[in-house]
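Report on the following structure.
The values are calculated or read from the model by the stated rules, or taken from the named source; none is laboratory data. Since the model is a prediction, treat every value here as computed from it, not as a measurement. Virtual Cβ from ideal backbone geometry, glycine too; neighbours counted across all protein chains shown. Keep in mind that these areas ignore ligands, DNA and RNA; they rest on the heavy atoms of the full protein, side chains included. Shrake-Rupley method; radii C 1.70, N 1.55, O 1.52, S 1.80 Å.
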Amino acid sequence: MSAVSFMPVTEEHRPLLEGWLAQHHWREWWGEPEEEMRLIYAVEDGEHEPYLACINGVPMAYIQAWWPSQHPDVPWVRDMAITERGIDIAIGDASQLGKGHGTLIIKQFAAKLLAEGASRLVIDPDKRNERAIQCYMKAGFTPFGEHEGDLLMELLPEDFDYGAGYAQN
C-alpha cells in the first residue's frame, strides 16, 4: 500500500505550487494563479491549513483544511459548528490524474481531520467537475445540496470507512 503523508506548505514549496497552478487542470477549476498563491500563503488569518499531500514521500497534490464557521458571509456554511471542516484539493501534475491518488489522499486526510475531532467534513466541487465528484464519492462523501453552481458534499464520522487499511491518526 502507498504511504500518504501531509507536509505543511512552506516558502520552499512556492516554485512547485506555481508550476502546478499554471497547469490546465488547475486553471479550469481554480482562480488566477497569483491570487491563489496569495490565498495559499495567507495562513496568518488562521482560516486554513495548507499541505502538500505526498505519496511515498513524493508531493502529489495540494490539499487544505478550512473552517466553514469562519465564513459567515457564505450562505451555505452559515451556522456550521466550529468542529466542522472544509477540504479543498487538487492533484499537482496532470500526469498523475486518473490514477486513484485523489481518493487515497482524501481518505487519509479525512481520517486525519476526523481523528483531530472534526464532527463533519464538507467539500464543494463545481457541479461540472465530474472527475472530482467521482473521487469524493469514492472517498465516502455524499451530496447534501447545491449552491451557485457547486455541489455540496459531506462526510460524517459515522459514515467514514476506517477499513481498507486507512489510518485513523
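Most mobile of L114, L152, L16 per a Gaussian network model of the chain (Cα springs, under 10 Å)? For the chain, modelled as a Gaussian network with Cα springs under 10 Å, the answer is L16.
In the elastic network of the chain, a GNM with C-alpha springs shorter than 10 Å, the most mobile of K127, K99, K112 is K99.
Accessible surface calculations at 1.4 Å, restricted to protein heavy atoms, place the chain at 50 Å² per residue.
When the Cα convex hull of region 91-156 is projected onto planes of every orientation, the mean area is 4.6 nm². Determine how many Å³ per residue the convex hull of the Cα atoms of region 1-76 encloses. Hull volume normalised by residue count: 127 Å³.
Computed with every protein chain present, the accessible area of V4 is close to 30 Å² [probe 1.4 Å]. Computed from label points 7 Å out along Cα-Cβ, the spacing between N56 and E148 is 4.1 nm. Distances between placed amide hydrogens fall under 5 Å for R120 paired with R85, all partners being 5 or more residues away or on another chain.
In the chain, the calculated helix contribution to ellipticity at 222 nm averages -7500 deg cm²/dmol per residue, counting -39,500 (n - 2.57) for every DSSP H run with n ≥ 4.
For region 64-126, what class follows from the C-alpha gyration tensor (a ≥ b ≥ c being the square roots of its eigenvalues): rounded when a/c is under 1.5, otherwise prolate if a/b is larger than b/c, else oblate? Here region 64-126 falls in the oblate category. Under the rule a/c < 1.5 gives rounded, and otherwise a/b versus b/c splits prolate from oblate, where does region 1-132 land using the Cα gyration tensor? The shape class here is rounded. Surface composition of region 1-140: carbon and sulfur atoms hold 53% of the protein heavy-atom accessible area at a 1.4 Å probe. Taking all protein chains together and a 1.4 Å probe, the residues W20, W76 rank W76, W20 from largest to smallest accessible area. Computed from label points 7 Å out along Cα-Cβ, the spacing between R27 and E130 is 2.3 nm. With the simple model of a label 7 Å out from the Cα in the direction of the Cβ, I82 to L156 spans 2.3 nm. Residues whose amide H falls under 5 Å from that of G92, counting only those 5 or more places apart or on a different chain, are A61, Y62, with hydrogens built in the peptide plane.
Looking at the square roots a ≥ b ≥ c of the eigenvalues of the Cα gyration tensor of region 57-169, which shape do they give, rounded for a/c under 1.5, prolate if a/b is larger than b/c, or oblate? Judged from the Cα gyration tensor, region 57-169 comes out oblate (a/c at least 1.5, b/c at or above a/b).
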